[in-house]
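Notes follow the structure.
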Amino acid sequence: MYFSIIIPVYNRPDEINELLESLVQSTYKINFEIVIVEDGSTITCENVVQKFSDLLSISYYFKPNSGPGDSRNFGMKKAKGDYYIIFDSDCIIPKQYLSEVEKELKFDYVDCFGGPDKAMESFSNIQKAINFAMTSFLTTGGIRGGSEKIDKFQPRSFNMGISKKAFEASKGYGNIHPGEDPDLSIRLWKLDFETRLFPSAFVYHKRRIDWEKFSIQVSKFGKARPILNSWYPEYKKITYWFPSIFIIGFVISFALVFVLLDWALKMYFLYFIILFVTSSIQNRSPVIGYLSIVAVCKQFFGYGIGFMTSFYKISVLGKKPQEAFPELFFKVTDVEDNFERSMFNINNKKNAPIHKSVEKAIDKIINPLQKLVEPVAVKSKIIGLTGGIGSGKTAVANYIQSKGIPVYISDVEAKKVMDFPDIISQIVATFGTEIIEANNTLNRDKLASIVFNEPEKLKQLNAIVHPAVKKHFDFWIIEHNKFPVIIKEAAILFESGSYKDCDSIITVSAPLETRIQRVLERDKTTREKIIQRINNQLSDEERIERSQFVVKNVNFDETKIQIDEILNSLKNK
């Protein structure tokens, strides 16, 4: 049996490095391949992958962002194996893992399996506490896992395997996230495939998470479950209501105190003591025991409120899942979702309309609770950064990035976008097959020689690339919407019309001779070619006239002072 390990990744090169280091230590004696799918990352792991290329059999793909489920499907379509093993990028794999999987498959073969997760000693106290909350029999971890039968297990996609046959029959993951793994499990059951828990095939799952992210994550878990219940009503369980019942009971227990009945609150207090003692013993730390109480509370409240919100919108109001919770659905690029749409139609017909006054009344109860677990999104200020060749805008961009402010480097990102298969296809259709190498990559030198000698050809190329870069930038904004200020760096910010997306513009300028000297030192070119390129760009005067801020970049120590003043001004607005 030939295993293909599928790993989707988004902006996590450090995690991929640790994961691949762990796979190098594998004691499995048979060859296996690794397929890494970069899901539209702005910080790629390509250099990390190259570092391991002599040690492991690795294939690396970059694609537009479309979510982890679709990226796993993409990876499985590219894989050569007959059995796929799927990991999240924040996992570390024990050296005996593949041997344990092979042993289980030989003992009792199934077309889909799931494995558990554990915490390493090196994990932080918060990671260990969250791991306890997500895996303990005392929490919803136990509800989801421990109460399921070993041979009717719903694998979790951070550690699961699926045969090529089962993947092709089911078409893989749908576009809901989270919830894509139980959705896949149930569809496999309906196709007469079996699933099973492999208890010894565990991974170390870092969960790369803090308290805020954890609350958001479990809230999404809660929201996904009523959607799955509406698609597959025969697989509903009362246990899915437990976190919501926990919240309702907690509120009632507080209310009873005001009428001098404290027995219910004492039961909750006893539960928290049991959590503390169990986690303290299990993790050999009372600090982790205390943090586990915090983790469990956030888990129950996040999941429970998310579940009630979703149940109300899906089962009571009869809303379509994509309309009620668009944040739970990625745009699918490859996977057919006709089955999913038909399930929406079937179930929505069953739901009668609800009177608007009742809807508003319930909203008043649900919305304040939901705000407890979901922070309010703040619109980021988009600041354009531009400047002519040799002005030093790249150095300015790097300095801003060092301040912890996200910077979108348009030239770098455009090169990534041009490697997308659909973009390559459009470019080949326009410019011919001579610009394609044997490995289906662009010959950029040939393409450049065509477009830069013919203005009309350059317009054709820009018509293909610029809209795709715009979409890529829109995804990037969404991923960085927690930052009050984000930067878009582009040499042709005004020429391309990108300035229209920006709230303010910073132009970096420098004396003409300084610019020429910088480019001569940087590039193997001539003075005449540099002047030609400068003359083909907007002048500094035109840029400055259309900008709100100007950085005069001659002495970089003085430049830093100017940048700091501008950034402080932007943050205080």
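The values are calculated or read from the model by the stated rules, or taken from the named source; none is laboratory data. The model shown is predicted, which means the values in this text are computed figures rather than measured ones. Cβ coordinates were reconstructed from backbone atoms using ideal geometry, including for glycine residues, and neighbour counts include every protein chain displayed. Just so you know, the surface numbers come from the protein's heavy atoms only, side chains and all, with ligands and any DNA or RNA stripped out. Shrake-Rupley method; radii C 1.70, N 1.55, O 1.52, S 1.80 Å.
Across segment 424-453, what is the total count of residues that are more than 22 Å from Pro64 (Cα to Cα) and surrounded by fewer than 11 Cβ atoms within 10 Å (Cβ to Cβ)?
5
Do any residues in segment 217-231 that are in a helix (DSSP H, G or I) have Cβ atoms under 7 Å from those of residues that are open to solvent by less than 10 Å² (accessible area, probe 1.4 Å) and among the charged types (D, E, K, R), where the two are at least six apart or on different chains, and which pairs are they?
Close Cβ pairs satisfying both conditions: Leu228/Asp183.
Output the number of residues of segment 12-52 satisfying the condition of being part of a loop (DSSP other than H, G, I, E, B), touching a strand residue (DSSP E or B) at 6+ places or on another chain (Cβ under 9 Å) and not β-branched (Val, Ile, Thr).
7
Please find, within segment 106-115, the residue that is farthest from the chain's Cα centre (by Cα) out of those that are closer than 19 Å to Gln154 by Cα and surrounded by fewer than 20 Cβ atoms within 10 Å (Cβ to Cβ).
It comes out as Asp108.
Suppose we filter segment 412-434 for residues that are closer than 17 Å to Gly40 by Cβ and out of contact with any Phe, Trp or Tyr (no Cβ under 8 Å at 6 or more places or on another chain); how many remain?
So the count comes out to 9.
Could you identify the single residue in Ile365, Ile346 that is open to solvent by 80 Å² or more (accessible area, probe 1.4 Å), modelled with pLDDT under 50 and under 22 Å from Tyr240 (Cβ atoms)?
Only one candidate qualifies: Ile346.
Residues in segment 476-518 that are outside any helix (DSSP H, G or I), of a type in the set (Val, Ile, Thr) and open to solvent by 50 Å² or more (accessible area, probe 1.4 Å): how many?
1
Out of Ser547, Ser569, I need the residue that is open to solvent by less than 70 Å² (accessible area, probe 1.4 Å), closer than 19 Å to Lys403 by Cβ and among the polar types (S, T, N, Q). Which one?
After ruling out the rest, the residue left standing is Ser569.
If you go through segment 533-549 one residue at a time, do you hit one that is in contact with a Lys or Arg (Cβ under 6 Å, 6 or more places away or on another chain) and part of a loop (DSSP other than H, G, I, E, B)?
Checked against the condition, which is being in contact with a Lys or Arg (Cβ under 6 Å, 6 or more places away or on another chain) and part of a loop (DSSP other than H, G, I, E, B), segment 533-549 yields no hits at all.
Suppose we keep only residues that are among the hydroxyl-bearing types (Ser, Thr, Tyr) and open to solvent by less than 10 Å² (accessible area, probe 1.4 Å) within segment 288-310. Which one would you say is farthest from the chain's Cα centre (by Cα)?
Going through the qualifying residues, I end up with Ser292.
Checking the structure you have, find out if any residue of segment 376-384 is modelled with pLDDT under 85, of a type in the set (Val, Ile, Thr) and open to solvent by 70 Å² or more (accessible area, probe 1.4 Å).
Yes, segment 376-384 contains at least one residue that is modelled with pLDDT under 85, of a type in the set (Val, Ile, Thr) and open to solvent by 70 Å² or more (accessible area, probe 1.4 Å).
Considering only residues of segment 494-519 that are under 16 Å from Leu538 (Cα atoms) and within 28 Å of the chain's Cα centre (by Cα), which is modelled with the highest pLDDT?
If we take residues in segment 494-519 being under 16 Å from Leu538 (Cα atoms) and within 28 Å of the chain's Cα centre (by Cα), then Tyr499 is modelled with the highest pLDDT.
Of the residues Tyr399, Tyr408, only one is under 32 Å from the mean Cα position of the chain (by Cα), outside any helix (DSSP H, G or I) and closer than 23 Å to Ile506 by Cα; which?
Tyr408
In segment 319-326, is there at least one residue being open to solvent by 30 Å² or more (accessible area, probe 1.4 Å) and either touching a Cys at 6+ places or on another chain (Cβ under 9 Å) or over 30 Å from Gly75 (Cα atoms) (or both)?
Looking through segment 319-326, at least one residue is open to solvent by 30 Å² or more (accessible area, probe 1.4 Å) and either touching a Cys at 6+ places or on another chain (Cβ under 9 Å) or over 30 Å from Gly75 (Cα atoms) (or both).
In contact with a Cys (Cβ under 7 Å, 6 or more places away or on another chain) and open to solvent by less than 20 Å² (accessible area, probe 1.4 Å) - does that describe any residue in segment 208-222?
Taking every residue of segment 208-222 in turn, none turns out to be in contact with a Cys (Cβ under 7 Å, 6 or more places away or on another chain) and open to solvent by less than 20 Å² (accessible area, probe 1.4 Å).
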